[in-house]
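J.: Take a look at this one; I'll ask things after.
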Amino acid sequence: MAVPKQRHNQSRKNRRRGNIFIKAPVLVKCPKCGKPVLPHTICGYCGYYKGTEFVNVMAKLEKKEQKKRQKEMAETKTEEAKEVKTKKETKKEEKK
């Protein structure tokens with residue numbers, strides 16, 4: 001069995017262990033539904049990736065869940081439309 005020849009001091013041990021820690025995952029906003037998703041992966045909530053539908057999430061849900069999900073997606077679309085309108089209006093005001 002391997003035995004260390006010399007003792008490693010605290011600072012060396014802690015420098016080595018400084019790189020061994022859990023990092024928070026990097027999440028991006030799904031362009032379709034706005035939920036946080038890992039980059040380069042299909043959104044588990046809406047089933048879209050890069051603007052195309054890969055998984056039909058609605059088919060897997062029950063009727064009650066489908067209605068609820070459709071309402072939520074419609075609300076997010078209206079919120080996004082409102083944000084776009086306010087951005088356009090502020091740009092017009094700045095130009096004047």
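Readers should treat all values here as calculations from the given coordinates under stated rules, not as data from a laboratory. Remember, predicted model here, so these are calculated numbers, not experimental data. When we count neighbours, we look across all protein chains shown, and the Cβ atoms used for this are built from the backbone with ideal geometry, even at glycine.
J.: Helix 63-95 versus the longest principal axis of the chain: what angle, 0 to 90°, nearest 10, using Cα atoms?
T.: Around 80 degrees separate the two axes.
J.: Here's a follow-up. Using the Cα centre as the reference, give the magnitude of the dipole from point charges on the C-beta atoms of the range 1-91 (Lys, Arg: +1; Asp, Glu: -1; all else neutral), rounded to the nearest 20 debye.
T.: 720
J.: Same structure again: Give the total of Lys-Lys pairs in the range 1-59 with Cα-Cα distances below 29 Å; include a pair only if its members are 8 or more places apart or on different chains. The partial results should precede the final answer.
T.: On the way: 5/13; 13/23; 23/32; 23/35; 23/50; 29/50; 32/50; 35/50.
So the count works out to 8.
J.: If the cut-off is 16 Å between C-alpha atoms, which lysines fall inside it for residue 87, apart from same-chain ones fewer than 8 positions away?
T.: 77, 95, 96
J.: Could I ask something else about it? Which order do peptides 44-57, 6-19, 74-87, 23-36 fall in by mean Cβ count within 10 Å, highest first?
T.: Numbers: 44-57: 14.0, 6-19: 8.7, 74-87: 10.8, 23-36: 12.4.
Taking the mean over residues of other Cβ atoms within 10 Å, the ranking is 44-57, 23-36, 74-87, 6-19.
J.: Take the range 1-94, compute every pairwise Cα distance, and split them into 5 Å bins from 0; I just need the percent in each bin.
T.: Calculated P(r), rounded to whole percents: 2, 10, 12, 13, 12, 9, 7, 6, 6, 6, 6, 5, 3, 2, 1, 0.
J.: Please compute the contact order of the chain in relative form: average sequence separation of alpha-carbon pairs under 8 Å and at least six residues apart, divided by the residue count, as a percent.
T.: On the way: 50 pairs, mean separation 12.5, N = 96.
Relative contact order here is 13 percent.
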